[in-house]
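Working notes, structure below.
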């Protein structure tokens, strides 16, 4: 098997890893600086990307062998590389460790989790994003001390300016901007106001004690939890009122957030995936009504800052939402080629006979498609 | 017709006393920006230099005092 990662969209700081800083409205192969190769390559044979996480202007990719590669803006060290180089035009391996198991990126920072359940942080965070206390707002890659009994870090999610870790027994730890209540119950400060920032990691209280399991997503100014019967939003919930409640025959299997909308991935009674969206629809961000009978099911899905991607069983990738930087591809269905709103499913990629689409990802107006080719 | 993409409270912007700009991340990767001068003149829209998105700044005129104080 070989793997090729394709990307398009916003690229002003080399965040697509294609060795230039020009926005792209057609998919381009991402380039990797691999050991023992003279020049960057787009063909990956030894290991496979398993997660792509995007910050405001930087990108991290986790591989199944425990490597992490990054590219884009490194002005504050957010790529995990030394500050001596301020940007990385192609994907470059972070450090010498190869035992990473998870990643998440925020606006100008990154979280890296290793298989020993240690958290490393890098980048800049003026609102507690690094979790290193109120004296340290910028750092090269360093270990984040956690004063908790951590048996396992199950999940990590970062938004623009906050991070939540899910550890054993569904306990949640978090830090960063909590001004809107997106990190749960806020402590009251000495001036009788709720705290705006959690500077050091601590256990979060979302009133979930009784819940045995839940799906959640950390949005920009809110967090959203799905607990069996329903959805609960913490933080700024204006505009996120659910237009339609999913019928109780469908099961919510995942919950994702754009910056101003919520997207529930549901399995219907025919065992097909669907997306139910609610929130801001200023640029077609809510999942469009499917017009075509050819789209009966969803295989892969990804939610970016204000756009989304799906792939279908016949290996076609469609985009929708706000596509001003080329992240939704080229308008196929519009009266106006300059229109930045894609309020329909726009064809972005059709896989060839020997190709399989195995991963999609969406960042800040960036789109990512991982292709597996049988050789 | 101009469309306001979102409404953001002034406390969520970062203020730079040197440039006198309020900035807030844009979903394209750049930053919405509006100057203290503009807010003093009653303007309340921050624009992104890289795209067409705009946000409305939510503030009261008296909120500006703490930022004006940072200039001295």
- Hey, residue A:40 on the phi < 0 side of the Ramachandran plot and buried (at least 16 other Cβ atoms within 10 Å of the Cβ) or not: yes
- Take segment A:188-204 and flag every residue that is surrounded by 10 or more Cβ atoms within 10 Å (Cβ to Cβ), assigned to a loop (DSSP other than H, G, I, E, B) and more than 14 Å from every other protein chain (Cβ to nearest Cβ). A:189, A:204
- Message: Tell me the residue from B:60, B:16 that is free of Cβ contacts under 8 Å to residues at least 12 places away in the same chain, surrounded by 12 or more Cβ atoms within 10 Å (Cβ to Cβ) and more than 10 Å from chain A (Cβ to nearest Cβ), please.
- Response: B:16
- Listing of strands (runs of 3 or more DSSP E) fully contained in segment A:40-123 that carry 2 or more residues being over 17 Å from the mean Cα position of the chain (by Cα): A:87-93
- Message: Exactly one of these conditions fails for residue A:282: (1) closer than 25 Å to residue A:50 by Cα; (2) modelled with pLDDT under 95. Give me its number.
- Response: (1)
- Item | For residue A:207: the one exception among (1) more than 14 Å from every other protein chain (Cβ to nearest Cβ); (2) in contact with a strand residue (DSSP E or B) (Cβ under 8 Å, 6 or more places away or on another chain); (3) touching a residue at least 12 places away in the same chain (Cβ under 8 Å) | (2)
- Scope segment B:21-47; condition over 10 Å from the mean Cα position of the chain (by Cα) and part of a loop (DSSP other than H, G, I, E, B); matching residues: B:26, B:27, B:28, B:29, B:30, B:41, B:42
- Restrict the check to segment A:306-315 and report whether at least one residue is touching a strand residue (DSSP E or B) at 6+ places or on another chain (Cβ under 8 Å), within 21 Å of residue A:18 (Cβ to Cβ) and either crowded, with 24+ Cβ neighbours inside 10 Å or at pLDDT 95 or above (or both). yes
- Task: From (1) within 14 Å of another protein chain (Cβ to nearest Cβ); (2) assigned to a strand (DSSP E or B), pick out the condition that doesn't hold for residue A:16.
- Result: (2)
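The values are calculated or read from the model by the stated rules, or taken from the named source; none is laboratory data. From a predicted model like this one, the values you see are computed outputs, not experimental measurements. Neighbour counts are summed over all protein chains in view; Cβ atoms, including those assigned to glycine, are modelled from backbone coordinates with ideal geometry.
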